[in-house]
Structure formats: C-alpha cells, structure tokens
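The values are calculated or read from the model by the stated rules, or taken from the named source; none is laboratory data. Just so it is clear, the model here is predicted, and its values are computed rather than measured. Counting neighbours? That spans all protein chains shown, and the Cβs are built from the backbone with ideal geometry, glycine included. The accessibility values were calculated without ligands, DNA or RNA, using every heavy atom of the protein model including side chains. Shrake-Rupley method; radii C 1.70, N 1.55, O 1.52, S 1.80 Å.
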Amino acid sequence: MTESFDASHVFSQMAALPICLDEVQASLQGPTQRLHYEAVGERNPVGFADRNGFEGYSLQFADETKGLVELDALAERGGELASLVYTYRSVAKALPPTSGDEANKRKMYSASFEVLEPHINRIKALLFFKVDGIQKFCTNLHLLARNVVSSVKGKEKEIPCEALYMQLLYTLDVFVVLDSIKDAKACINNDFAFYKRAFQLCAKDVEKSKAEQITNEMKDLQPFWGLRQVLLNDLKREVQAIPGFDEVVATMASLAIDYLDNEWYVLPSEKHRLIRASAYALWLLDTHGSDREPKINAFKHKKIALKNFGRWLKRYPIVPLYGDMHANLQQLLGAMPNFATISASELFPANAREQAKNVAQYDVVQALPVFRKQAASYIAELSANDHCCKAPFIGSLPRDERTAFAQRLVDTVLKGFRLMLSVNSVMMEFISFKFSKPASDELIARRGGSASSATDYEKVLRYNLGSQEKTALVECLALLKGVHTAMSTIAGRLRESELLVRRAIHEATQYFIHTVMGPPTRKAVKYDKKLIRHQLMQLRNMCADWSDGVAIMDEDRIKSKQFKGSDHTKDYPARSVAPSPTQLWLIRATVQALCDERAPHMKATLLQDPDLPKETVKDMKDFLHKSASYPYLLRLPATLSSLADVSYMWMREYHLELCMRVQFPVSMSLPAILIEHIQSQGNSVLMPLLFSPMETYNDASASALRVHRQQFLFTEIEAELNLIFDNVLFNLSDQIFKHFKTRAAVALLQQHSNADGENAYDPEVRQATGKNFFAPLLGLRRVHLLGRSVHFARLLTQRMNAKLHDSLDLAIRRFEARDLGHVLELQRMLRVCRLTHELLSEWLPDIDPFDQLMTYANASVTFLSFSSRILEHAKETIKLDLLPNYAYRANGHTFQRPMKMPFTTEPERDALPRLRQHHMLFGTKQLNAEFQFAHARQTQSGVGPIHVEALLEVLGEGGLNGLLADLRAHVGDLIEFDITGYVAAVQEALPPNSKLPGYEYGASGCYLYFDAKLKDLAGYEELHSGVVHNFRRLGNAVVLLQMLDAAVQAQATSTLLHLPSYGGDHSVVKAASMVAGAHGESPEDSDTVEMARQVTSLCSPLASNASILLRSLVDAATVMARVKGTWLAGDSPQSDLSAADTTKAFYKVWSAVQFLFCTVPLEMTNGQTLDNVVLFGDGVPLAGALCLHFLGQRHRFELFDFAQHVLAVFSSSEGTSQQADTTLREFIGRYMTLKAITERAHAMFDTSHMPTCFNVWRYT
Amino acid sequence: MFSKNKAGGGKVGANSEGSATRTVQKDWEQRDFTQTLQLGLSQLTLFLNQFDATTRGRLSELNSKLAKLERRLELVEATLFTVDQEPAQ
C-alpha cells in the first residue's frame, strides 16, 4: 500500500494550480481559520493501551498508566465543571416574586421548581465529582506512598513514575480552581436556597419517589454549598489519613518547582498551574497535628527546599487562576498552621523595598522594551528560516544538511514559543495583579471617576490603568499577535515545516537511541550489568528505527567488535515521523527512571564507576529536557493558538458576581478601554495597532463556544463587538477625514500665505502633517471578526464619500447663507475638498470621483442644463444684492456695500449652518480661524476681481454661461422696463426750455440758473430711489461683466500658455495621426484624426479677440434699439441741432440727472444728507455713458450738458473772477470725477468697438 | 496503527526480541504512511483556508468596484431621467 501511494505528486499538482493564494493585504490581525483540523490531540488518544505492543511494557508502568488515564479524565471533567460553574448566572434573580392566594403561590413555586431543577441538577455534578475525585486522587497517592513506605522499610526499591506525580499535582490544581470558583459564586447558593424553598412548598406536587430522592440529595448538597473550601478541606482530610503521604506530597511540591526551574512548560496556563500547585501542595502537607496524627511542618520538611520555593513565591505572590480570577498565594500560605515557624521574608516580599521590586516585576511597562527587542530579532530570524522553507531546493538537500536545517527550524520555533509565553504570561500576571490591587480613591478621582459610584470592576480595571500601562498592553498584545501570525506562516507551509519538525524529532530520538545510548547498551550487554541491561535493551527495542539495508541488531550483534567500531549515525533512515504519543511517553519514563539519582546503578563505589558514565547521564537529561516540548511541536497550530489566547481579557464572570450586575457597560470592558486609548492618541504610533485589542473578542468568542460552550456568552461578546466596531468605524473615519483634510488645508495655506514651519500651527496640525499612521489601516481590505470577514475598506469608503459630500454641502450652504464676497471661502473649501479627495483616493481607490460628489452636492444632476445650487445663489445674489445694493468704486475697481437705504434691502437668506465639527471646514479650529482671517482680509475692501475669478472657478464653464445668459437678460429688462419708465418720467419733468445761459452770467449765475430750472425735478420723490438707483444697477452690471471678461481672459491666457506653440498640431492630434499611420491611413482620411481635431478645437480656450462684455452689450444695444423712440424723443442722429434748447432727448435727461446727482444729496428721514457718489458709486456715470453711446448722443451731450457748461464758464472765468463760492467749487469737484469716469467709459467703448442701437444689426 | 499480525518472520527475528524489534520498525514505516495522509488532510485544510481568505479578499475588491460603478450608474440614470421629463413651464 505504502509503495503504491505517493502523495508528493498530489501536492505538486496542488501547487501548480493556476491560482495565486497570496494574501491581498498586509496582516494587522492574528491568523484566522475557518476550517479547523487537528491531527494530533492533546490527550493520549488510546489511553496508553498500545504500550502492550512494545516488548516488556505490558506489565511495566501498568498501575501508573491506569492512574494517569484516570486522573487525566478527572482533570478533563474538572475542567468542564469549572467552566460550568464559572459561567453560571443566577436563575432565581429572574424569577418573579410569588404573589396572590395560596393556590397561586403554590403554582408559582411549582413553576419555579421546574425552571430551576435542570440547572441545579447540572451543578449537582460537582458534588459527585468531589466524591469521585477525592477517591481517585487518594488511590493514586496511595500507590506512590506505598512505594515510598516500602523503600523506607528497605524492601525492593522501585523508581517512582514522575508523570504520575505531575498528574496528581495537576489534579490538585483542578480542585483548587473548582473550589475557588465555587466559593466565588454566591449566586449558586442563592439559587439553591430558592430551589429548596420552592421544592418544600410544592413537594406534594412532585412524584413521591422523586421527592424522596430530592430530599436526600438536598441533605448532602446543603453543607456542600454552605461551606467554604469544601473540596480542598475534604481532600486534605482524606490525604492526611494515608500513611507516608507527606513524602509524596512534598515530592510533588518540589517537582513543581523543578519543572519551573527547568522551564518544562510551554503554555502560560501551565506555568501558573505549577506555581499555584506548588503552594497548594505545601498547604496540603502542613498539619496542626492531633492525637491520632503527628504534626507535619511543611516548611521544615526534609524534602522541601524552602529557598527554591521562596524564589518563585516571592516573584509571584499573585497568580492568575481562571478567567478574571486570581489566586493570592501569600494569603493562602500566611494562613497555614505552621507559617509562624518561619520568617515571612523567606517566602514573600516582606519589606517595602522588596514589595516595590515585586510591583515593578509585574509591571508590563517595564517588560515591554525587552519584548520589543526580542520580537524584532526573532521575526528577522524567523523570516530567514521561512525564506529557506519556501526554497525549492529544500526537498532535495543532502540528508545531513536537511537534518541540520530541520533542527535549526525546531530551535527557532521553540524560541518563538518561549517569547510568546513570556509576553502572554506577563500580560496575564499584570492584569491579575491589577485585579488584586484596586485603585485608590485619589487615583480614581484623578482619572475622572468617582470613588463612591465606581463599581469594583471599574476600581480594579478602568481607573486602575494608567496611560502608559494601556499603551504597553496594546503593544504587548500586538506583539503577541504579530509573532503568532509570523509563526503561523511557518506552520502555514505545512508540507515543508511539519515534515521538517518531524524530521528533527525523529533525528533527535534516533540519534539518542543509536549513537548516545548505543555504547552504554553494548557495555551493559557485554558485561552483563544486570541492573540496567534489561532496561537499556528494552528502550532500544522499543523505539529504534532501522534502515532497510542495515540488519536489526540484537544482543548477539551488539556484543560484536564490528558494532563497537562502526558509526551508527546512518543506521536509521532519514524519516520524517515522530514517535507515537505512548512511545514518546515510554521513552521519557524509561530514560527518567534510568538516570534517576536514587537508582542503584547511579551510585559509584570506591572500586567501580557507576554503570552509566557521567557524560551519558548528561546527554540523557538533555534529551529529557528537549523531548518535553515534542508534544507541543507536533501540534504546532494548536499550541500557537493556546499561546496567543487572550480571551481572559474579556472574561468577567467573577466580577459580575462580585458587583451583582447582569452585565457591565462597554466603557468598563478592557478591550474597549484599550481601543478608546488608541483612538484618543490620534495619528500616533499606536494607530496601526487598532485591531489588536479586537483580537480579544475573537479569542473570547472562540473560548465561549469551544471551552465554555455557552451561547449567551457568545451573544454578549457579539453585541459588545458590534457596538465597539461601529464606534471605532465612526471615530476612525472622523479621524482619517480630519487628518487628510488638515493635510490638504495646510498645503493650500502654505501656498497662499507662504507660511513655513510646522511650528506655526497647532499641535493637531503638527500631528496631521507628520507621518501618516493611518496608512496601514487604510491598506486593509477586510478584517476578521468573530470568524466573519468584514469589508473594512468598503465601509471606510462609504463613510469617506458621505463625509466629502457633507463637507461640500456645508461649503455650499455657507455660501448660500451669505453674500457674493464669501465666494472666496467657497473656492478654498472646494479646493481643500478636492485635494483631500486626491489624497484619500491614493489609499481608497474606490472612492467616488470628485466630480460625481460635487454633482450631487451641487444638485447639478440635470442633463446639460448647467443649473446648480452655486449658480442659482450666484444669480440671485448678483441680481438682488450686488447690482442694487453695492456701490462701484472705480479707483479701487471694487464693489463696496454702502450704508443701508430704504430702497436697498438685502435679500433674505437661510441662517448660517451651525458648524458641528471643525474638520468639516478646514481641519482644525486654528486652521479655520486662519482661513477666516485670510477671507476677512480679502473681503473687507469689497467685491473685486479676485472674487470674480473665484466665482468663475466655482461655477465652471457651464455655470458661467448660465450666469451670463441671466445677466444679459437682466440688463435687457433693466433697460427696456425699469430705466425706460424713469427716463420718460424725467423727460416729462424737464423744463420746456433749457437754453444754455451766456458766459456773462458767470459760473455761479449759470449754476443757479440750472439749479432753478431743475427745481421741480429735484423734488421728484423717486429721483434717488428710482432714477439714480436703476442707473446704478445698470452700471454695476456692466462693471461686473467687465470683471468677468477680464477673469475669463486671464484663464484663457493661462490655458493658452499650456498649448503647443502656434502652428504645431495638438499632442492629441499627433497621437491620433500616429495611430492612423499604424493602420496604414493617411491623417487626412482618418476619422480618428478628424475627431481628435474636433475635440481639441472644442476644448481650446476662447480666441483672444472674443469678449464676453461685447457679446452682452450687443444684446443690450438690441434691447435699446427697441425702446430708442422713447429715449430719443424725436431727436434722431440725422436731425440738426435747431431744437437743442427744447428737446427732451436722452442727452438732456442725462444732463439733468447728472446735474442733480452732483447737487441733490439724499435726504434721510432724520434730516441728515448723504452724498450720492458715496451712496451710488461710479456705476451711475458709467451707465449714463453707456446709454449715450448706445443712442449715439455722446457728442450732443458733451455740447449741451448743463454741468459741462458750468464747468466751461468756470474754467474760462477762473483766472479773472473773484473767488467762487463753496457750493460751486464742490459741484465742480463732483462733476470732474463723473466726467473722468464718463470719458474713460467712452474711451473703452470706442476701443472695443461697442455697438450702438443704429449699428447693432452688424453684430448679430 | 500498530499491527501485531505483521510482526515476526524477518531475516533476523527468530527470537522474541527480534520479532518485537521488527514490529517496531514496521510500525515506523506504517506511521510514515499514515502521517502522509494526516499531513495531506492538513494541507487540504490549509489550502481551503487560504483559498477562502484570498477569494474573499478578491471578491471584496470586486464588490467595491461594482459598488462604485453602481453609484456612477445611478448618477447617469438620474441625469438621463431629467432628459425625459417635460421642460418646466
């Protein structure tokens, strides 16, 4: 069969499958497995029954193996019971109080009895276990004691089996654990009392035979539940009745210390069990003494080396016990009868210095630096080995090299075991220590709690952990899980690594049997050393493996000289098979018996050396030491999982009982405390370790399902984790968004203000601009929680999309709530959002495109309509606020908001949205303030070209077109309806004759003449609120169009500079030509090239001679052409100037308006007067100039303008005449300003060939 | 695992010691074989676990891409829907 089956080709086929099984993400969590397969169990699968197959062992160790199997089963059952009692929650608490009449009460008691009975029955098993356990313990102890007694009496001397001692020790520990849990769980006692009462009151309803049975059982159960430490006390009583027990128990205690000294343990639980058991063995040994029994002082027993005990107990006065329980060994030993006979300082830290040292030894913060160093060097070593493991040549290496490599690998794995053990046990011990020492009231107050309201659990955990301790715990946890992951990659390459581990074990065993034990065996056989010959041959026959070509060597061959001279290192094949569990146990038991110092063959006499030479004994002990770890190596994945198990960090049944609570809130849970601590540190080194504390939930859930087998525990863990995970995700997405937004904002701020140096900003900014510690988390695609795979990246992407959307929405809402000046803030917020998106999409590639997010936030989903929230608000604010309410200042080229007037009301807007989080704006509070300050600086002088450029940027091309169309229509409406009406009104009020007065009247005379002529018009109540106001609206619109034009030209020029020099083809066209050429087409015939040309021409910037202003004014002129009849009042360009004195054409109208603009200030209700220029700005003369230009009346106006006439008279008489009065001078000053603006406007209209109503047809 | 029937009958194993030794050697060989099966099963489990992990990883990536496309399509659909509607009066 073996020959016909060759598995290697199956594996090679598997490896050759075209599937890449490499992980797609970095690992920040411990390994998880969906399928579990354990080839080798923890216990001996056949109960050592196969020992009969080995020659000579059917009789040897018969009693011991029986005892071992028996006690092992007992320990297993004990473990189940411990879990059952530990996870027991009060049932009686949930039962309703009885009420009503007697019949109803009885009914309720009967129902309560029915509910409680199955629970009590399960717990009752503990009583049976006690009886059975004590009996089995005593039987086996008796077996060992008999041997001791007989050896004392000088009878046959037998070396006792060490494994049985150890098994007894473990059983003792099971009793310790069970007793401690039972005493801690007061709820069982309560439930039992309730059960008893319920039974007594409804006994008549229960079947008679059953009732009797229950009554009898209750008699036994009553004292069992009522008394403390009942298991251990009963055990002690029974054990002390066995003659010679003290020798056995003392040996047990010493053995525990030996095991601890030799480090013959791999798991943290084993280490703690040994420490606990050594102390409890002393307790078992110590007696008061009575009439019947002698007094035994455990501390002064001949087999107890107190110094060795002191070494361990001084270091570990507190050890973890079970779940969240701890054992106080100092208290235990202090209460022992004979403790007073020794000095306390021999066993426990007595003085303050020793106590402080002990506290430091428990401190995880102090242990961390060493662990960090060890882990770093270990991972390096491991990856070197792993690299070799993967190498293809490893299978084809020569035997010696392969063996050496296998041995190296095993050494590395063992080193890893040791590292994981030390990290995990330090964490366990630290937490137990904290459990034993609650925080002081002062400390609780300092950590934000209240000593009076804090629960016991909070006192020992939440308020008992400092920031450094939390950090250290997180790091230790991450380190442990990291080493676990690294080691499971070794275990993950099963075929290579498991084979190599087995190869190393086989080699070590066979080398020991053939090479180390070969010569002593030959000597013993040849010289017939009766004491050991039989045992040595038995050992050899039991486990020696032989190569095919080598003859099996029996006693006769061993004696031969050929055997002595030859090398035996190749007598066995290079097999990758480990000894079977029974075989390994037998080898170890035999070797242990052989090298026991009490054995007669170990004793040298004066004439003779001992039968086994010292070197061989040393090698044997070495083998014993090494082989102790073989069972763990053979179940590598399971051992690693046990070593990395941190479920104890969540378990809290003991404290729930202590605090009489059903469950603790999340804030008290240790993993939640650690996670909160990591998140509170922000962008720090701890951030990549965020998922390490969550491993606790994975381990705890595995423990709930596989160890405790309690669904309710799993449900509680699941519920807590759900809550924590949502919380983590919420906070994390906030932090990540804030981080990237701050980065983006700082980059933009530096660009704008040339600020340098990170110190200029707040600590939050410094943290954000440093290293990005979120990067590892952002690289995670999915996380494993409670055996489920959660798409972490998708969840983060969803949240980032939402946050970007909210951020954009907030930016737009803030713009919507304010005037046009705040477009700068909108522009910067959009820039920051765009950069944030760019930075985020490096890590989260599936985030929505920015344009898509913007489309949603801006509500511009409609196809090709270019409507959007920004555009709507821009249109509204321009039409209702900028044009009617602002005054244009030509000297600063800005719009300023003058004083409020009754006819200039600001449009109603939504209230400014409340800012809930600083990162929704620019990242941090200080950055927000910086940006606000920058905006305020730029907006205080009014709305100018930078605002219009920003508007252009936020609107985009489509938006600009929408805005222009709206603005053009608005200008048309203004001319056609609003202004035309007022022009007609002014025309009516104009004096019938406005002949210019002669020079002889002087400037003052002329001024007063016009003033008197226009008296009626000056009293026109809508002069300011109607006439001037509407001309201001028109003028402002023209200026805005001019600014937009300039901004577009600037943008077009910048785009133009990015294009190839004139004459050359666009790069897209060139590329298309090459593609066409490759297909054998000429560029002229190719559709691709044609399309490329079209695309580039569509995308090319506006031609430098295209003008937005011209286009808009063409429209305005067209409108003017329609209403020019009213405006001209019959005074066409062709008509001569004969009617110049009486005409009411627009130039007369404007002349009057301009005169009044300079002379009639606005009178407020309080009698105060306001200057028109200050109120309406320079838009008014600009609008007048435009209308004059449209109507072709510029020159007529210049000839017949009233103000111009006054100025002309003033100028001519200035040199000769006396001083002019102040009013006139003021008038002249005002008019000069207006004149300058009008002239500038005319110059602009001329140079840009603006149309008039008479030639506009040429432009359309 | 341990077969007594196959013991004995070797070249050397005439005496009881030899036969037991022969049995032990046979046992080593047989365990070599059973261990191959055992490792094969472990390997299979490992392969399935790795396959599961990798496939889940890749599927989650695909899922994210699909979700992104879905959101994109939603936008396109919404945009096109506005085309079909009557223009506002």
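With a cut-off of at most 16 other beta carbons within 10 Å, and DSSP calling the residue loop, which GluC sites (Glu not before Pro) in segment A:434-498 qualify? Please list them. Walk me through the intermediate numbers first.
Working: sites: A:Glu442, A:Glu458, A:Glu469, A:Glu475, A:Glu496, A:Glu498; in loops: none.
Here no loop site has a sparse enough neighbourhood.
Given a 1.4 Å probe and every protein chain left where it sits, what share in percent of the accessible area of the protein assembly as shown is carbon and sulfur? The partial results should precede the final answer.
Working: 33200 of 61530 Å².
Of all accessible area on the protein assembly as shown, carbon and sulfur atoms account for 54 percent.
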For the B and A pair, go ahead and give the buried accessible area with a 1.4 Å probe, both sides summed, in Å² to 100.
5700 Å²
Give me a single rounded figure for B:55-62: the average over its residues of other chain Cβ atoms within 10 Å of their Cβ.
5
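Could you state the orientation-averaged shadow area of the convex hull built on the Cα atoms of segment A:1084-1199, in nm² to one decimal? Walk me through the numbers on the way to the answer.
On the way: hull surface 53.8 nm².
Mean projected area of the Cα convex hull: 13.4 nm².
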Dividing the convex hull volume of the Cα atoms of segment A:244-359 by its residue count, what figure in Å³ per residue is obtained?
111 Å³
Sequence neighbours fewer than 8 away in the same chain don't count; with that in mind, list the lysines whose C-alpha is under 25 Å from A:Lys210.
A:Lys105, A:Lys107, A:Lys124, A:Lys130, A:Lys196, A:Lys219
Keeping to pairs on different chains or 8 or more places apart, tell me how many lysine pairs in segment A:800-943 have Cα atoms under 28 Å apart.
4
Any lysines with Cα under 27 Å of the A:Lys1148 Cα? List them, leaving off those in the same chain fewer than 8 positions away.
A:Lys995, A:Lys1013, A:Lys1015, A:Lys1124, A:Lys1235
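Summarise the long-distance tail of P(r) for segment A:66-227 by giving the % of C-alpha pairs beyond 24 Å. Before the final figure, lay out each step's value.
Values: 6423 of 13041 pairs.
In whole percent, the share of Cα-Cα pairs in segment A:66-227 beyond 24 Å is 49.
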Check each residue of segment A:514-547 and keep those whose accessible area, probe 1.4 Å, is at least 40 Å² smaller with all protein chains in place than in the chain alone; give them in order of residue number.
A:Asn541
For segment A:800-943, Kirkwood radius (reciprocal of mean inverse C-alpha pair distance, Å):
16.7 Å
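Per-residue ellipticity at 222 nm for the protein assembly as shown, helices alone: DSSP H runs ≥ 4 residues times -39500 (n - 2.57), over residue total, nearest 500 deg cm²/dmol?
Numbers: 51 runs with 845 residues, N = 1349.
Estimated from H runs of four or more residues: -21000 deg cm²/dmol.
Checking the table A:Lys300/A:Lys357; A:Lys271/A:Lys459; A:Lys236/A:Lys302 against a 22 Å threshold on Cα-Cα, which pairs fail?
Numbers: A:Lys300/A:Lys357 27 Å; A:Lys271/A:Lys459 28 Å; A:Lys236/A:Lys302 20 Å.
Result: A:Lys300/A:Lys357; A:Lys271/A:Lys459 exceed 22 Å.
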Please give me, ordered by residue number, the trypsin sites (Lys or Arg not before Pro) of segment A:993-1096 that lie in loop per DSSP and have at most 12 other Cβ atoms within 10 Å.
A:Lys995
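For the protein assembly as shown, report the accessible area per residue in Å² (1.4 Å probe, heavy atoms, rounded to an integer). Before the final figure, lay out each step's value.
On the way: 61530 Å² over 1349 residues.
In whole numbers, the protein assembly as shown has 46 Å² accessible per residue.
Could you state the per residue volume, in Å³, of the convex hull enclosing the Cα atoms of segment A:503-631?
On the way: hull volume 13.6 nm³, N = 129.
Residue-normalised Cα hull volume stands at 106 Å³.
Quick check on segment A:926-1074: take the gyration tensor over C-alpha atoms, sort the square-rooted eigenvalues as a ≥ b ≥ c, and tell me if it's rounded (a/c under 1.5), prolate or oblate. It would help to have the intermediate numbers written out before the result.
Values: a/c = 2.81, a/b = 2.18, b/c = 1.29.
Judged from the Cα gyration tensor, segment A:926-1074 comes out prolate (a/c at least 1.5, a/b above b/c).
Loop only per DSSP, at most 13 neighbouring Cβ atoms within 10 Å: give me the chymotrypsin sites (Phe, Trp or Tyr not before Pro) in segment A:1010-1102, ordered by residue number. Let's see the in-between values first.
Working: sites: A:Phe1010, A:Tyr1020, A:Phe1031, A:Tyr1062; in loops: A:Tyr1020, A:Tyr1062.
Listed in order of number, the matching sites are A:Tyr1062.
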At R0 = 45 Å, FRET efficiency that the Cβ-Cβ distance of B:Phe51 and A:Asn121 yields, to 0.05
0.50
Greater than 24 Å separation of Cα atoms is the criterion. Which listed pairs, A:Lys1070/B:Lys68; A:Lys530/A:Lys618; A:Lys314/A:Lys415, meet it?
A:Lys1070/B:Lys68; A:Lys314/A:Lys415
Taking chain A as the reference, fit the longest principal axis to its C-alpha atoms, fit the long axis of helix A:1002-1013 to the helix C-alpha atoms, and give the angle between the two in degrees, 0 to 90, nearest 10.
80 degrees
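If the chain between A:His288 and A:Leu397 were fully stretched, how many nm would it gain, using 0.36 nm times the residue separation less the Cα-Cα distance?
Working: separation 109, 0.36 × 109 = 39.24 nm, distance 6.63 nm.
Stretched out fully, the A:His288 to A:Leu397 stretch lengthens by 32.6 nm.
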Using only C-alpha positions, report the orientation-averaged shadow area of the convex hull of chain A, nm², one decimal.
82.2 nm²
Quick one: length gained pulling A:Asn727 to A:Thr862 fully straight, 0.36 nm per residue minus the C-alpha distance?
44.9 nm
